[in-house]
Amino acid sequence: MPAELQSIHIDTVTGWGSDDLQYLKNLKRTAQKSNKYREYVRNQQYTADAAGPELQQVWLKKMKKIMNQIDNSGATDRLWVVPFANRPFRFLDLGCCPGGFSTYILKKNKECTSVGISLDPAQGGHPYLLEEALQARQTLIFADMTTYQLGSRQLYLTAPYIPLLPVPEVLLARAFDLVLLDAHHLRNQSELSADLLAISQVILALLSIKFGGTIVMKLASPDTQYTATMLFMLDMLSSSLHVHKPYAMHRTQNTFYVIARGVGGKPDRRLYLQNVVIPGLQHVWEGLRLRGKTSRLLAGDLDFIINKEQLRGYGERLHELCSCVWELQARALEELFSEMGIQAQS
């Protein structure tokens with residue numbers, strides 16, 4: 001069986017042999033071998049899984065701060081993600097709960113409206129904590145995004161063969177100036193659903209974005225083939241692309257955000273989106289659904305976007321985009337190791 005796509009690292013790509021990246025990899029190896037670090041991670045996960053109302057509010061405030069940082073990451077060029085309230089503005093928040101990103105945007109732009117989709121708390125999702133005064137400007141949909149009918153043909157869930165849900169019409173009108181992709185796999189869900197969720201939210205975003213709009217997407221580990229492929233796809237679809245790694249909550253983790261502006265804004269990008277990217281991802285989604293218990297992305301699944309060999313020619317661009325990600329993560333791990341008394345390997 002081909003290797004799982006998320007596990008494939010592209011070490012041989014030109015421009016990725018940087019000292020900074022290699023140093024970060026050494027730090028990660030130290031973390032993997034350290035009992036202290038593993039215990040630290042287990043405690044963090046336990047705290048997150050057992051989070052009460054007080055901690056949920058802390059996360060809400062941190063997510064508002066992160067959205068503020070993302071919004072202002074291009075401010076020096078007057079390229080804010082969220083415009084000030086001088087024109088109509090509508091956004092879609094995929095994985096919206098507890099509501100930190102939406103809170104920031106709705107408060108900054110008092111004329112904007114939104115739709116938020118999140119897993120129902122009854123199914124293990126995060127609670128909806130958007131301030132009551134803001135809720136009138138957001139339509140909330142509790143749904144498991146992996147159960148929407150996102151293929152080009154009708155598929156069914158496994159026994160008792162319940163039809164998948166139709167995509168809400170509000171998502172198919174291409175009315176969103178901004179789409180946020182921040183849904184993530186939860187530890188109380190099957191590990192095998194992680195890739196299906198990732199592809200599901202990408203399809204939803206690309207079906208719903210207004211041509212020329214902005215996508216903000218959370219990714220992880222730029223040196224994996226999956227993430228490099230997603231970055232290449234957004235680079236080809238957008239007029240500008242940059243990344244931001246927030247210090248709050250993400251500094252020691254592999255995660256970061258990519259901001260793509262002008263998605264599908266030019267005719268050639270629009271044709272690529274409609275004729276290549278969306279049909280290709282729908283085909284991949286159908287394959288994940290039909291694989292059942294082995295629904296993981298495999299090597300070759302996303303080759304219609306770019307294959308591993310072709311990524312070699314994209315290496316310098318990847319390095320340009322993402323070197324800040326591993327530099328910040330390396331500094332954060334150094335600080336954490338120092339606090340914990342962990343000696344980094346050379």
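Quick look at the values:
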read-out	value
Accessible-area value, SER239, 1.4 Å probe, nucleic acids and ligands omitted, Å²	80
Largest-first ordering by accessible area, 1.4 Å probe, given options GLU54, GLU327, GLU335	GLU54, GLU335, GLU327
Cross-link pairs beyond the 18 Å C-alpha cut-off, checked among LYS36/LYS61; LYS25/LYS308; LYS64/LYS110; LYS28/LYS61; LYS210/LYS266	LYS36/LYS61; LYS25/LYS308; LYS28/LYS61
Where the stretch 62-104 is the region considered: accessible area per residue in Å², 1.4 Å probe	42
Helix-only mean residue ellipticity at 222 nm for the chain, each DSSP H run of n ≥ 4 adding -39500 (n - 2.57), per residue, nearest 500	-12500 deg cm²/dmol
Shape category assigned to the stretch 218-336 from the gyration tensor of Cα positions, a/c cut at 1.5	oblate
Calculated FRET efficiency for the pair GLU132/CYS324, C-beta based, R₀ 30 Å, to 0.05	0.20
Net charge contributed by nearby residues that have their C-beta within less than 12 Å of SER208 (K/R +1, D/E -1)	0
Modelled FRET efficiency - R0 41 Å, ARG291 with ASN86, Cβ distances, 0.05 increments	0.30
Orientation-averaged projected area, Cα convex hull of the stretch 56-97 (nm²)	3.7
Prolate/oblate/rounded label for the stretch 236-291 (Cα gyration tensor, a/c 1.5)	oblate
Using alpha carbons only: equivalent-ellipsoid semi-axes of the chain, gyration tensor based, whole Å	29, 25, 23
Gained length - VAL276 relative to LEU155, 0.36 nm times residue gap less alpha-carbon distance	41.4 nm
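The values are calculated or read from the model by the stated rules, or taken from the named source; none is laboratory data. None of these values were measured; they are calculated from a predicted model. Counting neighbours? That spans all protein chains shown, and the Cβs are built from the backbone with ideal geometry, glycine included. Ligands, DNA and RNA are excluded from the accessible area calculation, which covers all protein heavy atoms including side chains. Shrake-Rupley method; radii C 1.70, N 1.55, O 1.52, S 1.80 Å.
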